[in-house]
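The values are calculated or read from the model by the stated rules, or taken from the named source; none is laboratory data. Given the structure is predicted, the values throughout are model-derived calculations rather than measurements. For neighbour counting, all protein chains shown are included, and Cβ atoms are generated from backbone atoms with ideal geometry for every residue, glycine included. These accessible areas exclude ligands, DNA and RNA; they are computed on the full protein's heavy atoms, side chains included. Shrake-Rupley method; radii C 1.70, N 1.55, O 1.52, S 1.80 Å.
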Amino acid sequence: MDYALHVHLSPPDGRARLTALECEGAHRLLREGLERFLADGQAPPGALEISVEPYVTHIDVRLPAGSLAAAESSLQRGVALTLERSRLLTDWRVTGCEVTLDPELFGDDAPFADEDDEDFEAEQYPAYVTDGPASRLRAEAAKVTAFGPEFFGAGTDPEDAAIVAGALIRSAELFIDILCEDLALLVRAGRRPVDVSQLYILSLLPPRYRHRYDLEFARSFLAAAMKATDRLAAPEWTPPGSLAEALALSLIIESSEEAIRPLDTVDFADLRPLLATLRFRLLSDLDHETLYEVPEGHDGDPVFAHLRLSNGVRDWFAPRGAGTVHPYRQQPDAYVPHDHDAECAPPEDEVRRVLTEKVGVDPERLSDVLNLAAIGLTDAMWTHGPVMRWFAQRRLTDGELLRTTMHTAHHVREALHGWRAELGLSRTAGTARLARLAPEASRFVSRIGCWLTDPERLLSTGERLGALAGADHDEAVDHAASVLGGFLRQVEELGLARTLLTTAMQSGLTRYHWWGAPGWPEQVDRIIALVGDPGRREWGPDGRLTSGLPPRPSLLDSEVTRVALLHRPWTLGPEAAEWCARAAHLADPEFGA
């Protein structure tokens, strides 16, 4: 008796995906090995079909055997022998094996050969009537309800359209599964640094922003990917609602192309126009593709300005136009100290190494560590609190956000140094002097929290915090309390020195170009160069990126502006601040993220 068997293979752990060339090589090795095995077992001609896809491999065989168990055991033995004999496939593993009776055995007299019953089986249980990878993809197409064959243009062969739609939905399912693996890896790593190149899906995203692909980003990107794939099963097609959705859908389409390419029974060249049409119709624009064109050390080429990435990857999750997005974490929060799990904190020697080698700060010099820690606390309490929503609601302009943020960082820094002086520690004191001072941390934490949330606090814009916050003031207080409470919990568990060093390290990595950080003088040079010449290419053709700015003040041409920007940017006049803030975003897309 003949049995139809289906085997799933997976490439070795640690491989994100197979390239088209690797798919082709694996296909050849599997076919050569299994054909030798089947020849020994007297399998019927044409009994073998193999489909090697970027993430999974399917093998379909019709095999004579005395029982279902014997058929399954025989094929598993043959596959294992093939993998063992091939040096390039030895790390591959069998992840599934299914066995069914061969429908051809019964001929026209089969009890399920009635036409109506056959249609019912094909609709409800497509796995029982498909006879190869191409047929299985056609069956999968039933899950795509947002569009039909007409979506690809008049005259399209419905079977070809079904293969493309089926490959799309299968790739979408695999994409979600593999993205969950990335998320699980990041969860296990906690806040320890993770090499993005060792991840699966996240390693395929624009490399310019790899330092932002953390746990919170992965959670938000998963929600965006699920929203994008959900659109395929909707009554009608609606375009991606955000850049993140477009990125996910683009990668899914690319994966579907790789799933079709190895099919033996389909000419890929015939389906290529349909795949091109699919990409064009599903992605309303190509903004997401330009993210891959941003080079390392990007200096603000205006071709990317239309992406409105003033907030970096946060804007990837914001609705575009009239689009709708998944409500979960539309804008993922960057690292904040109170969100740092002490159990997953990086070792202190690693923190010191990063500060020295990547940030350029001596971890033994207390004043430098406090300067960066002040930036981290400001970032957590102010920038990643309700302030960004106020900015989005236009309660603050770009220039006002720049001035108030730097002014807040200045005061937090002064508070930390005031606390240092009260303890009798010099600016050059080593961080080891903090070993027994953990109980003193609550003093400066309380001082900073009270000052920052005081509704009567006068901002650098001349407005009171209470007037700016309005009904949101309680939320601002709760957020600051949560941040500072988390900071104190870290002090209790990690010690004061390690907590300050860890906060300083995160600030140095994510806010390198802020005022008070090592990269600020370099950032000032870029800003001055830009505001000094509105005709530079960074401002776009005919200076279009200066649109909406106030008249350019002549003071921008003087050394006074450079000195103020370098040492006290919150003292800039309103017009100069707007120009400098716009230039800062052009000089570094992540400046305000």
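Of the residues ALA224, ALA259, ALA246, only one is hydrophobic (A, V, I, L, M, F, W, C) and either closer than 25 Å to PRO133 by Cα or more than 19 Å from the chain's Cα centre (by Cα) (or both); which? Working first, answer last.
On the way: ALA224 fails: either closer than 25 Å to PRO133 by Cα or more than 19 Å from the chain's Cα centre (by Cα) (or both); ALA246 fails: either closer than 25 Å to PRO133 by Cα or more than 19 Å from the chain's Cα centre (by Cα) (or both).
Sole residue among the options that is hydrophobic (A, V, I, L, M, F, W, C) and either closer than 25 Å to PRO133 by Cα or more than 19 Å from the chain's Cα centre (by Cα) (or both): ALA259.
Under 6 Å between Cβ atoms, at least 6 apart or on separate chains: pull out the pairs that start in segment 232-244 with a residue that is at negative phi and end on any residue that is open to solvent by 40 Å² or more (accessible area, probe 1.4 Å) and among the hydroxyl-bearing types (Ser, Thr, Tyr).
If the second residue must be open to solvent by 40 Å² or more (accessible area, probe 1.4 Å) and among the hydroxyl-bearing types (Ser, Thr, Tyr), the pairs left are ALA233/THR145; PRO239/SER284; GLY241/THR324.
Taking segment 227-245, which residues are open to solvent by 10 Å² or more (accessible area, probe 1.4 Å), touching a Leu at 6+ places or on another chain (Cβ under 9 Å) and part of a helix (DSSP H, G or I)?
Listed by number, the residues that qualify are THR229, ARG231.
Pairs under 7 Å by beta carbon, first residue in contact (Cβ under 8 Å) with a residue 60 or more places away in the chain and under 8 Å from ALA373 (Cα atoms) in segment 493-508, partner buried (at least 24 other Cβ atoms within 10 Å of the Cβ) and of a type in the set (D, E, K, R), six or more apart or different chains?
SER507/ASP379
So that you can scan it fast, the table gives a plain yes or no per residue for (1) in the same structural domain as ALA583 (by the TED database); (2) open to solvent by 20 Å² or more (accessible area, probe 1.4 Å); (3) of a type in the set (Ser, Thr, Tyr):
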{"position": "THR378", "(1), (2), (3)": "no, no, yes"}
{"position": "GLY385", "(1), (2), (3)": "no, no, no"}
{"position": "ALA392", "(1), (2), (3)": "no, yes, no"}
{"position": "GLY399", "(1), (2), (3)": "no, no, no"}
{"position": "HIS411", "(1), (2), (3)": "no, yes, no"}
{"position": "LEU423", "(1), (2), (3)": "no, yes, no"}
{"position": "ARG427", "(1), (2), (3)": "no, yes, no"}
{"position": "ALA432", "(1), (2), (3)": "no, yes, no"}
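Looking only at residues that are surrounded by fewer than 22 Cβ atoms within 10 Å (Cβ to Cβ) and closer than 18 Å to TRP316 by Cβ in segment 262-289, which one is nearest to the chain's Cα centre (by Cα)?
Out of the qualifying residues, it is GLU289.
Can you spot a residue in segment 570-591 that is basic (Lys, Arg), under 27 Å from HIS384 (Cα atoms) and out of contact with any strand residue (DSSP E or B) (no Cβ under 6 Å at 6 or more places or on another chain)?
Taking segment 570-591 and keeping what is basic (Lys, Arg), we get 582.
Then keep just the ones that are under 27 Å from HIS384 (Cα atoms); that gives 582.
If we keep only those that are out of contact with any strand residue (DSSP E or B) (no Cβ under 6 Å at 6 or more places or on another chain) too, we end up with 582.
There is at least one residue in segment 570-591 that is basic (Lys, Arg), under 27 Å from HIS384 (Cα atoms) and out of contact with any strand residue (DSSP E or B) (no Cβ under 6 Å at 6 or more places or on another chain).
So if I check each of THR57, THR90, which one is modelled with pLDDT of 75 or more and either assigned by the TED database to the domain that holds PHE37 or buried (at least 18 other Cβ atoms within 10 Å of the Cβ) (or both)?
Result: THR57 is the single residue among THR57, THR90 that is modelled with pLDDT of 75 or more and either assigned by the TED database to the domain that holds PHE37 or buried (at least 18 other Cβ atoms within 10 Å of the Cβ) (or both).
Restricting to segment 166-197, name every residue that is charged (D, E, K, R) and either within 21 Å of TYR209 (Cβ to Cβ) or open to solvent by 30 Å² or more (accessible area, probe 1.4 Å) (or both).
GLU173, ASP177, GLU181, ASP182, ARG188, ARG191, ARG192, ASP195
Among (1) at pLDDT below 90; (2) touching a helix residue (DSSP H, G or I) at 6+ places or on another chain (Cβ under 7 Å), there is one condition ARG498 misses while meeting the rest; what is its number?
Of everything listed in (1) at pLDDT below 90; (2) touching a helix residue (DSSP H, G or I) at 6+ places or on another chain (Cβ under 7 Å), ARG498 misses just condition (1).
Only helices (runs of 4 or more DSSP H) wholly contained in segment 518-593 count here; list those with 2 or more residues that are surrounded by fewer than 20 Cβ atoms within 10 Å (Cβ to Cβ) and without any contact (Cβ under 8 Å) to a residue 60 or more places away in the chain.
Details: elements: 520-531, 559-567, 574-587.
So the answer is 520-531, 559-567.
Restricting attention to segment 530-577, report how many residues are among the polar types (S, T, N, Q) and closer than 23 Å to HIS410 by Cα.
2
To keep it simple, each residue is scored yes or no on (1) modelled with pLDDT under 70; (2) not in a helix (DSSP H, G or I).
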{"residue": "ALA70", "(1), (2)": "yes, no"}
{"residue": "SER74", "(1), (2)": "no, no"}
{"residue": "ALA113", "(1), (2)": "yes, yes"}
{"residue": "GLU118", "(1), (2)": "yes, no"}
{"residue": "GLU123", "(1), (2)": "yes, no"}
{"residue": "ALA127", "(1), (2)": "yes, no"}
{"residue": "ALA139", "(1), (2)": "no, no"}
{"residue": "GLU150", "(1), (2)": "no, no"}
{"residue": "LEU174", "(1), (2)": "no, no"}
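Go through (1) at pLDDT 85 or above; (2) open to solvent by less than 30 Å² (accessible area, probe 1.4 Å); (3) not aliphatic (A, V, I, L, M) for GLY132 and report which single condition fails.
Answer for GLY132: the failing condition is (1).
So which residues in segment 498-514 are open to solvent by 20 Å² or more (accessible area, probe 1.4 Å) and farther than 13 Å from ASP379 by Cβ, if there are any at all?
Within segment 498-514, just ARG498 meets the criteria.
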